[in-house]
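The values are calculated or read from the model by the stated rules, or taken from the named source; none is laboratory data. Small disclaimer: the values here were computed from a predicted structure and weren't measured. Glycine also receives a Cβ, built like all others from the backbone with ideal geometry; neighbour counts cover every protein chain displayed.
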Amino acid sequence: MKQKETIKRAESSFWSNVFKQQPQSSDLHKILRSVPPFADFKKGQMEELLKIIHNRQYQSGEYIFMQGDPGIALYIIREGAVDIEYLSDNGEKVIIASFSQSDFFGELAMIDGDTRSASARSKAETKLSIIFKPDLDEFIHKYPKTGVKILSGISKIIVLRLRNLNQEYVSLIDEYHALKENQHENR
């Protein structure tokens with residue numbers, strides 16, 4: 001008998017896409033303009049960027065990447081939905097984020113190229129536009145001014161997500177201390 005897999009949800013604001021703007025259509029240009037590193041691109045810059053974008057379709061339940069895989073790309077959701085799953089040391093799967101059309105994920109790989117800290121799995125049939133780090137590195141070398149815009153945009157995303165995470169952490173500490181104080185008073 002097959003055991004049912006238990007999945008917990010523990011979404012953090014670090015993973016939330018605070019930049020999300022729903023595009024009018026699934027037009028890739030509009031979706032890219034909703035992603036901060038590409039929002040201010042001029043037409044020519046956008047055309048050059050489109051040359052390095054790869055498109056892929058995933059079936060519902062298909063893994064896009066696994067926790068521990070090399071971090072080699074930034075993913076932009078054109079259609080569909082993706083869960084980011086973390087597998088804890090005790091084997092418990094936790095969904096830490098859910099993304100949908102015009103959201104993006106994997107941006108940390110564009111900076112550090114480290115291994116994936118979580119897995120990404122499609123929740124429905126999903127179409128992704130993918131920018132691989134080696135392609136982006138070559139693009140940045142070829143167009144350094146535009147590359148600075150991209151890296152600055154990615155840095156802003158990371159900084160904002162980290163600030164949100166810090167606020168969440170402080171709130172949790174405050175809740176913990178209040179709970180501890182209540183327990184102490186009730187003794």
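Summary of values
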read-out: Flag for LYS156 being under 26 Å from VAL82 (Cβ atoms) and modelled with pLDDT under 95; value: yes
read-out: Residue within segment 48-57 that is more than 16 Å from VAL35 (Cβ to Cβ), of a type outside the set (Lys, Arg) and touching a strand residue (DSSP E or B) at 6+ places or on another chain (Cβ under 8 Å) present; value: yes
read-out: Hey, ALA109 under 17 Å from ILE96 (Cβ atoms) and not in a helix (DSSP H, G or I) or not; value: no
read-out: The listed residue being surrounded by fewer than 20 Cβ atoms within 10 Å (Cβ to Cβ) and either within 23 Å of ASP27 (Cβ to Cβ) or in contact with a strand residue (DSSP E or B) (Cβ under 6 Å, 6 or more places away or on another chain) (or both), out of TYR75, TYR86; value: TYR86
